[in-house]
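Scroll down for the structure; my scribbles are underneath it.
The values are calculated or read from the model by the stated rules, or taken from the named source; none is laboratory data. As the structure is a computational prediction, the values presented were derived from the model and not from experiment. Quick reminder, even Gly has a Cβ in these numbers, built from the backbone with ideal geometry, and neighbours come from all protein chains shown.
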Ligand SMILES: Cc1cc2nc3c(=O)[nH]c(=O)nc-3n(C[C@H](O)[C@H](O)[C@H](O)COP(=O)(O)OP(=O)(O)OC[C@H]3O[C@@H](n4cnc5c(N)ncnc54)[C@H](O)[C@@H]3O)c2cc1C
């Protein structure tokens, strides 16, 4: 097929947001009699799932302290549920297990989940939490846990498999997905409208562009001459913080314990919920008993046949360099700089053993293969979903986004003229207006 010189809609990035937008835009255009999937071209410099989407743990949950995030996640969970098979979605549920410092925050989350009809149970008090956990996983032994939020929907999806399912659905609607085409710039008119996308293979004229570039978002932000740093208003005091860098990178710490995934079945032999623990209980080495940390720490894990073991992660850390100096490429496991090392393995497997006895003595099974990757975060660590030109939509998820399969559906509706109330709290203007999201006590930047 010849290289295209024109496409009504161009979507940059074949990760979860680019593909979800492509598929849902095709459906939306068709439903409104405004076109169909053949009007949409997805471009990726590498290929489907080549970015953060392809290395994500794939956890899907509602548990967020911020009401706007929770409502958005509830919407996305429905999209996952709409075709669990094609999306390789495992609705095993999700558990937020916390020490006292997070009790109040999580109680609020539970109350608000009740208000929006998201099914969850909330267990309080150390004794009852232990009893509840041991009724599901007999060897549960984490001390100092005073609340368990058990979300019944949610779970996880197999990262790349789900994306091939989504790409198939988009292609079945006539969408064209091109790999190996790098976008290098935009041809804009005096008003800033994009007339064409410049690529490594030639120029493509277009009427509308959607950017879903994940960790590469900063490059597109600069191509569009958006500000490198911004001012942020504190709505309570009216004070303005000036010159805050727009993008910061965090390094995500994930890995796989190469045991039989069936090691982690419930007492009834079923696949368990995804476990997420945040606690300030001292963490000791499972190898030699030395203290690893007496500060707040957090981990998450699940048995996963796709990864071949128990897969999960721990709290990420900030890449301590100005964003201009961070090399996004080579990405993920191919980056010598941002893969996890022995320290992560030691902490994470010790933390697994802290929680469940069955993981004690398994340190040698940690898969010694490169894993982890970086994400691009906004100043408040929440997404920016917004029109950055009259004909250009930016999806910058601040690394929250594998679970957000529904965002592409909402963006497609937004593009077709139905202003989305769920996306409204994520506009870029919130920083200048001081309409920021509340901050929780979690050690993770995205809770
Ligand atoms: C290690 C790790 C674990 C994670 N785990 C989870 C999780 O369990 N749950 C969760 O909800 N989220 C998770 N996330 C976050 C989630 O993966 C991301 O938020 C999400 O995948 C971002 O999707 P995206 O479509 O925006 O970007 P990406 O998936 O990164 O896709 C962007 C695409 O753009 C392409 N591209 C870049 N530049 C150009 C260019 N110039 N021209 C053409 N194409 C270009 C890239 O090749 C890439 O394929 C995790 C992230 C990481 C790094």
Subset of segment 8-45 (residues that are closer than 26 Å to residue 160 by Cβ, crowded, with 21+ Cβ neighbours inside 10 Å and away from the ligand (no atom under 14 Å from the Cβ)): 9, 25, 26, 28, 37, 40
Six or more apart or on different chains, Cβ atoms under 8 Å: show the pairs whose first residue is in segment 304-326 and on the phi > 0 side of the Ramachandran plot and whose second is surrounded by fewer than 19 Cβ atoms within 10 Å (Cβ to Cβ) and part of a helix (DSSP H, G or I). 309/365
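For segment 188-204, which residues satisfy the criterion of being within 15 Å of the ligand (Cβ to nearest atom) and either in contact with a helix residue (DSSP H, G or I) (Cβ under 8 Å, 6 or more places away or on another chain) or free of Cβ contacts under 8 Å to residues at least 24 places away in the same chain (or both)?
Taking segment 188-204 as the starting set, the residues that turn out to be within 15 Å of the ligand (Cβ to nearest atom) are 194, 196-204.
Of everything in segment 188-204, those that are within 15 Å of the ligand (Cβ to nearest atom) and either in contact with a helix residue (DSSP H, G or I) (Cβ under 8 Å, 6 or more places away or on another chain) or free of Cβ contacts under 8 Å to residues at least 24 places away in the same chain (or both) turn out to be 196, 198.
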Would you check which residues across segment 48-61 are more than 7 Å from the ligand (Cβ to nearest atom) and surrounded by fewer than 23 Cβ atoms within 10 Å (Cβ to Cβ) and list them? 48
Considering segment 336-372 alone, what residues qualify as being within 12 Å of the ligand (Cβ to nearest atom), touching a strand residue (DSSP E or B) at 6+ places or on another chain (Cβ under 7 Å) and farther than 14 Å from residue 314 by Cβ? 338
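Matching residues to (1) over 30 Å from residue 143 (Cβ atoms); (2) modelled with pLDDT of 95 or more; (3) within 20 Å of the chain's Cα centre (by Cα):
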residue: 356; (1), (2), (3): no, yes, no
residue: 384; (1), (2), (3): yes, yes, yes
residue: 402; (1), (2), (3): yes, yes, yes
residue: 413; (1), (2), (3): yes, yes, no
residue: 418; (1), (2), (3): yes, no, no
residue: 431; (1), (2), (3): yes, yes, no
Within segment 274-303, can you find the residues that are away from the ligand (no atom under 14 Å from the Cβ) and touching a residue at least 60 places away in the same chain (Cβ under 8 Å)? 277, 278, 279, 280, 281, 283, 284, 285, 286, 287, 296, 297
Return the residues of segment 104-132 that are out of contact with any helix residue (DSSP H, G or I) (no Cβ under 9 Å at 6 or more places or on another chain), surrounded by 16 or more Cβ atoms within 10 Å (Cβ to Cβ) and in contact (Cβ under 8 Å) with a residue 40 or more places away in the chain; say none if nothing qualifies. 105, 106
So which pairs qualify, if the first residue must be in segment 205-224 and within 20 Å of residue 6 (Cβ to Cβ) and touching a residue at least 12 places away in the same chain (Cβ under 8 Å), the second must be assigned to a loop (DSSP other than H, G, I, E, B) and more than 9 Å from the ligand (Cβ to nearest atom), the Cβ gap must be under 6 Å, and the two must be at least 6 apart or on different chains? 208/391
Could you check segment 315-366 and list, in sequence order, the residues that are under 28 Å from residue 216 (Cβ atoms), touching a helix residue (DSSP H, G or I) at 6+ places or on another chain (Cβ under 8 Å) and part of a helix (DSSP H, G or I)? 323, 332, 333
